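See structure below.
The values are calculated or read from the model by the stated rules, or taken from the named source; none is laboratory data. These numbers come from a predicted model, not from an experiment. Virtual Cβ from ideal backbone geometry, glycine too; neighbours counted across all protein chains shown.
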Amino acid sequence: MKLKQWTTDLHCMQRVRIYEGVIKYLSSQTQYKLPYCVPYVNGNDQIFIGNEAFVTKANEVMDFCFAEMLEFITSMNETKGDHLD
């Protein structure tokens, strides 16, 4: 996503929604216990949570997404005067 040339006005909400979706997905996959369970089936809470590399990388990606969203919101705040008449 960093390599794509985004225009602030045209793609602002699309970009935020992509980051939001990534955060929602990764946070759901890194829960210590999922709210549902299928008996005798290893779920994501048992498969991924035991994998420290997965949890570490997921946290890094979520931190990146939050930073990008914050940067975008900050830049929108700085340029909001351009959009007000």
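Within the range 15-33, the set of residues being outside any helix (DSSP H, G or I) and of a type in the set (D, E, K, R) comprises just one member, Lys33.
For the range 52-75, the criterion of being surrounded by 11 or more Cβ atoms within 10 Å (Cβ to Cβ), at pLDDT below 90 and part of a loop (DSSP other than H, G, I, E, B) is satisfied by no residue at all.
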